[in-house]
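Chemist: Take a look at this one; I'll ask things after.
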Amino acid sequence: MSAPAAPSSTLAPVPAPAVPPVETMTVIVNGKTVQVPKTMPDWQGKPAPTTMLQAAKIAGVDIPHYCYHDKLPIAGNCRMCLVEFGTPMMGPDRKPVLNEDGTPKISRSVLPYEPGTSRGAIACATPISPGMEIYANSKATEQMRESVLESLLINHPLDCTICDQAGECKLQEYSVQHGKADSQFVETKVHKPKAVDLGPRIVLDDERCILCTRCIRFTRDIAGDDALGIVNRGSYNTISAFEPGKFDNNYTLNTVDLCPVGALTSKDFRFKMRVWFLKETKSLCTSCGTGCNITTGSREGVIHRYEPRENDAVNGPWMCDSGRLNYRWVGRADRLKQVLRTAADGTRQPVSWNAAIESAALILTQAPQGSVAFVVSARQTNEELFLLKKLATHTGALTDSVAREGEPDRLLVSEDRNPNSNGVRLIGMAFTEFGFNLTKIAEGIAQGRIKTLVVFGEDVTRVGIGPELLAKLDALIVSDILPNATTAAATLLLPGAAHAEKRGTFVNVKGRLQKFQKAVEAPGEARPEWEFLRELVHSLTGHNGYRTIEGLFNQMATEVPAFAGLEWAQVGDTGVTVQI
Amino acid sequence: MSTKVVDRPPLTFYERTYLPAILGGLKVTAKHFADTVFKGNSVTMQYPEERWVVPEGYRGAPYLVKDQDGATKCVSCQLCEFVCPPKAIRITTPGADGLTADRKNAEKMPKEFEINMLRCIFCGMCQEVCPEEAIFLQKDYSITGENRESMIFNKEKLLKLGGTHAGVQKWKNKLEEAQAQETFPVDAQ
Amino acid sequence: MEAINYLNPTAQMILFSALKIGVVFGVVMTAVAYAVLVERKVSAWIQNRVGPNRTSPFFIDYLPVIGPFLVKLGIFQPAADGLKFLLKEDFTPNYVRKVYFWLAPAITVIPALLTVAVIPFGSNLGSEKMVIADLNVGILYTFGIVSLGVYGIVLAGYGSNSKYPFLGSIRSTAQMISYEIAMGMSVIPIFILTESLNLSDIIRYQAEHGWMILKQPLAFVIFLIASFAETNRLPFDLPESESELVGGYHTEYSSMKFALFFLGEYANMIASAAMMVTLFLGGWTMPFIDALNLPASSLLLGFVHIGVFFAKMAFFMIVFIWVRWMLPRFRYDQLMDLGWRRFIPLALANIVVTALVVALFNN
Amino acid sequence: MPQFTDLFFYALAGLTLLFGFLTVLNPLSRSPVTSAMFLVLTILCMAGLFVLLHAFFLAAVQILVYAGAVMVVFLFVIMLLDLKADERRHINKIAVGLGGLSALAIAGTLVASIVKTVPVSQTAGRLAEGETKALGRLLFESHILPFEILSVLLLVAMVGAILITKKDLR
């Protein structure tokens, strides 16, 4: 994985402009008069003259397009956004010519050599001018679209039955909305290479490509890895990698999202599931502290893919390949599915949740103050950490978390590989530097002061509390998702749920509080941690609340200063920024 | 929509004795009796021995078909699975490395294709939606099994039951077209 | 055989009675089973169907031509049906009134079988009269016993503790009581003519003076129709009209208990047919042939008489079955209207007229 | 065989009394339907007693009219009414006392008449001999007046019953 040298400005969150006095001009879209700013931010956030496409969008009219993408440089090569337009007619005296009723007379754009035929302009690259009229639905516009689609489909193989893009393919959608039923093209189609191996994660089908160059622009301008280009001429134009098979930066899969047709497909998702089966759930990537917004595609309890979800405050419309492909562990066969308790004779036996919570409550009630320690993971949600904090306070316990670090890149990947390190800090389960208390806990166990250890989502044997120390404990309450050395030593094992199996909130490295939703059911007896922690807290402190995740969050917001004033409903799909 | 009340014609004395009704009944029943016993005009079909002639267009059990070259026509597009009202169809997709198709150029074929005949309602939606003309409602109407598992037909069984369909060989034609265009300057893979 | 003659008369009577009871019981049960088959076959033929033609026991393979023919006729079907009834699960719903629920099928069957006791189904075999009990109030006995048959249906409806059986039994009870009156009154002119209530006497009278159907056609018609109502046959099968009442009074019954109701219905049909043959068609006699009109002088003739009786009875059975497909079911009010306002006055008028004629011409 | 007949007589008489008792006071069931069914059995046993007296006509009519028709109508009414309340009803002590008194009175009358009766010879008792014709003659010749009075009484009762059911005739 080569570190991409991306322009640093790309991800600078485009702040909702603090409403500077913007100069506006009036345009008319489909007969509707709208005021639009003279300039709008371009793909880099710099002000650029507003285009017809942007003006139409402000007016609520979507102009079909392929090559245009608001986060990519404008290429203007697909011609899909051709629209008919008109400008106010100017007299020789540089005054607008008026109609009899006083309205300005509009001159429609026509072909200079064929004045009877409308001349379209590509809406994505044509700046507006005052008084301009855009005819996004006129007959001439529709004809232009029809012709463009017919042209794009000349060499398109129409193998939608096989194509992974079917169902979310712009070519399909626009063909239905704007295309013609039949083609005038009767000659044999040009057959281009199929299933070209571009890189470790990308397959290219050249026949399907409509040469919009979105992938080329993204790779060059956003990922900073000029690996793709167009070769050959005319009908034989094909996309190609500079070095075939070596298109392998950490952002290649974004080209699959960008590709409006099924030319670029993900090897991971190839032929796996048709997109119309997927249930889309708003979620978060947990692979690092950036907390990219994602959409989880799942069907019948199985996650099939992650896709980035646009959030300009965090990740824009992109996400890295490593995060995107890090979903298989949720459905791993060796997930913890049973509630286990070590009986008096040393054997571990499955018990019911009620029994497990009862014995956990008993252990924590009987433990003398200071004899308990908590090691929690920065992968737990804020709500779970909040409940754990209540338990820790109740038992006067030492608490800590485990840091997890890796190589950052300049685009999205963060150094911190825990999704909720800031949540742990804000709730007070660990100091700014994780691991400060771990040594104390290890010492305490070694000296016999600490007899009960509660571990949530971490393998403590890797951070200095080895099996020989764990053996000295009276009780080891462990909740985790996948088996490890700590879960193997647990006297009470509570199977938890992955982030895709529950609801909750994380705080990312920049202090963005974001929530995620449940996509699939937890396997076996595994339950979302906050559900059983809520019962445990009730058994211990008698606090009988937090029946729902909403209620729990709102309660947390009243007790944790950093979240003060927040409410679950207030944290929208893209989150809110909190003080860290 | 007004209701029209039709007057019942008053019965004559003769009719009120029920005699004409009885005699009419006797006549009809005697005629049918004689027809059956003496002429052998019975409508009963002796089912296991005699079989009904299934008409064209009958909607029996859906089976998968092969093309003239013995290749599976299905490309695992899963439209039938999507459209199936009782969710009787279950397709296992081939996956990323899935050039499991038994003919070139179609790239894709289902790894497994199951129809639960206990769930199937023989509506014909799958046939209607299939873009590859790979599944057809055929003439089987008496499907039996000894347990529930045996009523789930897998791909092998469906293909065996379905037989060959003489239709357009879309993917084969495409392949031949591509092979004919030797002038294409870029080496395919 | 000689040993019989040395027994005292009482022992002889008991022996012969037991024999006759056994044979008659066996014959009636067989007749019931085959009546069901005939019903199924005739119904099938009337409806252009085939009817049961599958049951074939293992030994049929050894009968070359006749075997397949018998199978086609469904000769072995009753055995299969009987076996099926015996082997089916006997299901008792837990809300029923158990005692009455169990009692009802038995009470339905017993009177139907008891009626046969007084029917003279032949003249005599040797010196033995071919009637189980030659009562001098035979006909009254029959009516009395038949009237007890209602209890089976009433209790079936009451015991099932469920609405369809209850409605069915109520209907049935009202229907049977009503038509019993018409039925009873229709036969009084016969007694006026024969001056006896003994069924053997009535047959003797008919042998001498011609069949009663010719002298009392009105009485015959009323009796015939009333017996349709009494046996719950179409067009008067309102108690179990399946389009309204599911199965009527035997909705809740299954297996052998249901079979008993079935048996009772057909036994009642047989009893009615036998009564009609005895009262109106001269019993075992045949007119115009002296040998057949007089009590049998030889064993052979005795059997011929029995044969004649059964032939006449079979005719009525076929009529019962045939009428089922000729007429639609009556409406309940029509049924009651027919019974109370048509048949009872007609029967009364018939009595008066007959009595007047007898009084005027016989003296 | 007089002994044989006597055996039947005592058996039937005993059963008649038993069933009669169970009709009025059944320890196992307080359902009116059960009572009615025992009454039917009582009537059947009485018919059996008539048979023993060679009064076949009376026996047949007893079954036909009482068991076959009257009791069915009784049952009919009992079934159609909601008798759950009756099944739960407590025994009224006064009613029991009065009933006992009248039972005693009837028993006394019966005993008195049995004592007074002069046993008749078997042959003399067979006047009617079960012959319907003889019974008819008895009714229509020597007892014509009471018979006709009874007929009128029945007719009046019938007309009355119809009047009661047809409320809107008033």
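The values are calculated or read from the model by the stated rules, or taken from the named source; none is laboratory data. Model, not experiment: these values are computed from the prediction. Ideal geometry is used to build each Cβ from the backbone, glycine not excepted, and the neighbour counts take in all protein chains shown.
Chemist: Please determine whether any residue of the stretch B:107-118 is closer than 28 Å to A:Lys267 by Cα and exposed (fewer than 14 other Cβ atoms within 10 Å of the Cβ).
Modeler: Yes, the conditions are met somewhere in the stretch B:107-118.
Chemist: Of all residues in the stretch C:184-199 being of a type in the set (Gly, Ala, Ser) and under 17 Å from C:Val221 (Cβ atoms), which is nearest to the other protein chains (Cβ to nearest Cβ)?
Modeler: C:Gly184
Chemist: Let me ask something else about it. Is the stretch D:54-73 home to any residue that is under 20 Å from C:Asn161 (Cβ atoms), part of a helix (DSSP H, G or I) and more than 10 Å from chain C (Cβ to nearest Cβ)?
Modeler: no
Chemist: Being more than 17 Å from C:Met275 (Cβ to Cβ) and touching a Leu at 6+ places or on another chain (Cβ under 6 Å) is the filter here, so list the residues in the stretch C:141-154 that pass it.
Modeler: Within the stretch C:141-154, C:Val154 is the sole residue that qualifies.
Chemist: Separate question: For residues that are among the hydroxyl-bearing types (Ser, Thr, Tyr) and closer than 15 Å to B:Glu133 by Cα, scanning just the stretch B:42-95, find the one that is nearest to the other protein chains (Cβ to nearest Cβ).
Modeler: The selected residue is B:Ser76.
Chemist: Report yes if some residue within the stretch C:59-72 is buried (at least 19 other Cβ atoms within 10 Å of the Cβ), touching a residue at least 40 places away in the same chain (Cβ under 8 Å) and either more than 14 Å from chain D (Cβ to nearest Cβ) or more than 19 Å from the chain's Cα centre (by Cα) (or both); otherwise report no.
Modeler: Taking every residue of the stretch C:59-72 in turn, none turns out to be buried (at least 19 other Cβ atoms within 10 Å of the Cβ), touching a residue at least 40 places away in the same chain (Cβ under 8 Å) and either more than 14 Å from chain D (Cβ to nearest Cβ) or more than 19 Å from the chain's Cα centre (by Cα) (or both).
Chemist: With C:Val42, C:Val50, C:Val38 as the choices, which residue is within 14 Å of chain B (Cβ to nearest Cβ), closer than 26 Å to B:Lys39 by Cβ, β-branched (Val, Ile, Thr) and part of a loop (DSSP other than H, G, I, E, B)?
Modeler: Just a single option satisfies the conditions, and that option is C:Val50.
Chemist: Considering only the stretch A:356-394, how many residues are without any contact (Cβ under 8 Å) to a residue 40 or more places away in the chain and either in contact with a helix residue (DSSP H, G or I) (Cβ under 8 Å, 6 or more places away or on another chain) or within 14 Å of A:Asn418 (Cα to Cα) (or both)?
Modeler: Total satisfying the criteria: 1.
Chemist: Okay, moving on. If a residue has to be at the interface with chain D (Cβ under 9 Å from one of its Cβ atoms) and either of a type in the set (D, E, K, R) or on the phi > 0 side of the Ramachandran plot (or both) to count, how many in the stretch C:132-154 make the cut?
Modeler: Qualifying residue count for the region: 0.
Chemist: So in the stretch A:228-248, with the set limited to residues that are away from chain B (no Cβ under 14 Å) and surrounded by 22 or more Cβ atoms within 10 Å (Cβ to Cβ), which one is nearest to the chain's Cα centre (by Cα)?
Modeler: Here the residue is A:Phe247.
Chemist: Could you please give the count of residues in the stretch C:159-170 that are over 11 Å from D:Phe76 (Cβ atoms) and part of a helix (DSSP H, G or I)?
Modeler: Of the residues in that region, 8 qualify.
Chemist: A follow-up question, please. Among the residues of the stretch C:40-58, which ones are in contact (Cβ under 8 Å) with a residue 40 or more places away in the chain and surrounded by fewer than 18 Cβ atoms within 10 Å (Cβ to Cβ)?
Modeler: C:Ser43, C:Gln47 - these are the residues of the stretch C:40-58 that are in contact (Cβ under 8 Å) with a residue 40 or more places away in the chain and surrounded by fewer than 18 Cβ atoms within 10 Å (Cβ to Cβ).
Chemist: State which residue is surrounded by the fewest Cβ atoms within 10 Å (Cβ to Cβ) when the search covers only the stretch C:14-39 and only residues that are closer than 30 Å to C:Val71 by Cα and of a type in the set (Ser, Thr, Tyr).
Modeler: C:Thr30
Chemist: Taking into account only those residues within the stretch C:160-183 that are at the interface with another protein chain (Cβ under 9 Å from one of its Cβ atoms) and more than 16 Å from the chain's Cα centre (by Cα), which is surrounded by the fewest Cβ atoms within 10 Å (Cβ to Cβ)?
Modeler: Result: C:Ile181.
Chemist: Return the only residue of D:Val61, D:Val96, D:Val70 being crowded, with 19+ Cβ neighbours inside 10 Å, modelled with pLDDT of 80 or more and β-branched (Val, Ile, Thr).
Modeler: Of the residues listed, the single one that is crowded, with 19+ Cβ neighbours inside 10 Å, modelled with pLDDT of 80 or more and β-branched (Val, Ile, Thr) is D:Val61.
Chemist: With B:Lys139, B:Lys104, B:Lys157, B:Lys108 as the choices, which residue is away from chain A (no Cβ under 14 Å) and part of a loop (DSSP other than H, G, I, E, B)?
Modeler: B:Lys139
Chemist: In this structure, does B:Ala21 turn out to be away from every other protein chain (no Cβ under 14 Å), hydrophobic (A, V, I, L, M, F, W, C) and either surrounded by 10 or more Cβ atoms within 10 Å (Cβ to Cβ) or on the phi > 0 side of the Ramachandran plot (or both)?
Modeler: no
Chemist: Another question, then. Check every one of the strands (runs of 3 or more DSSP E) wholly within the stretch A:303-418 and list those with 2 or more residues that are farther than 30 Å from A:Arg217 by Cβ, of a type in the set (Val, Ile, Thr) and not assigned by TED's automatic domain parsing to the domain that holds A:Asp70.
Modeler: A:372-376
Chemist: Let me ask something else. Taking only pairs six or more apart or across chains, which ones have beta-carbon atoms under 9 Å, a first residue in the stretch D:37-62 that is more than 16 Å from C:Ile139 (Cβ to Cβ), and a second residue that is acidic (Asp, Glu) and at pLDDT below 80?
Modeler: That search, which allows pairs on different chains as well, returns D:His54/D:Glu129; D:Ala55/D:Glu129.
Chemist: Can you find a residue that is of a type outside the set (Ser, Thr, Tyr), touching a Leu at 6+ places or on another chain (Cβ under 6 Å) and buried (at least 23 other Cβ atoms within 10 Å of the Cβ) anywhere in the stretch A:168-190?
Modeler: No - not one qualifying residue is present in the stretch A:168-190.
Chemist: In the stretch A:168-226, how many residues are over 23 Å from A:Gly245 (Cβ atoms), more than 14 Å from chain B (Cβ to nearest Cβ) and free of Cβ contacts under 8 Å to residues at least 12 places away in the same chain?
Modeler: Residues meeting the conditions: 4.
Rundown of residues vs (1) in contact (Cβ under 8 Å) with a residue 24 or more places away in the chain; (2) exposed (fewer than 15 other Cβ atoms within 10 Å of the Cβ); (3) within 14 Å of another protein chain (Cβ to nearest Cβ), yes/no style:
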{"site": "C:Leu281", "(1), (2), (3)": "yes, no, no"}
{"site": "C:Ile289", "(1), (2), (3)": "no, yes, no"}
{"site": "C:Ser297", "(1), (2), (3)": "no, yes, no"}
{"site": "C:Val308", "(1), (2), (3)": "yes, no, no"}
{"site": "C:Phe343", "(1), (2), (3)": "yes, no, yes"}
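Chemist: Here is a further query. Kindly evaluate A:Asn422 against the criterion of being touching a residue at least 40 places away in the same chain (Cβ under 8 Å), assigned to a helix (DSSP H, G or I) and among the polar types (S, T, N, Q).
Modeler: So A:Asn422 fits the description; yes.
Chemist: Next question, about the same structure. Checking A:Pro64 against (1) farther than 28 Å from A:Thr117 by Cβ; (2) at pLDDT 85 or above; (3) surrounded by 16 or more Cβ atoms within 10 Å (Cβ to Cβ), only one condition comes out false. Which one?
Modeler: Among (1) farther than 28 Å from A:Thr117 by Cβ; (2) at pLDDT 85 or above; (3) surrounded by 16 or more Cβ atoms within 10 Å (Cβ to Cβ), A:Pro64 violates only (1).
Chemist: Only one of C:Met269, C:Met256 is within 30 Å of C:Phe166 (Cβ to Cβ) and surrounded by fewer than 22 Cβ atoms within 10 Å (Cβ to Cβ). Can you tell me which?
Modeler: Answer to the check: C:Met256.
Chemist: Could I ask something else about it? Any idea which of C:Val323, C:Val319, C:Val358, C:Val353 is within 30 Å of B:Leu23 (Cα to Cα), part of a helix (DSSP H, G or I) and more than 14 Å from chain B (Cβ to nearest Cβ)?
Modeler: C:Val353
Chemist: Output the number of the condition that B:Leu23 fails; it satisfies all remaining conditions of (1) over 20 Å from C:Pro328 (Cα atoms); (2) free of Cβ contacts under 8 Å to residues at least 24 places away in the same chain.
Modeler: (1)
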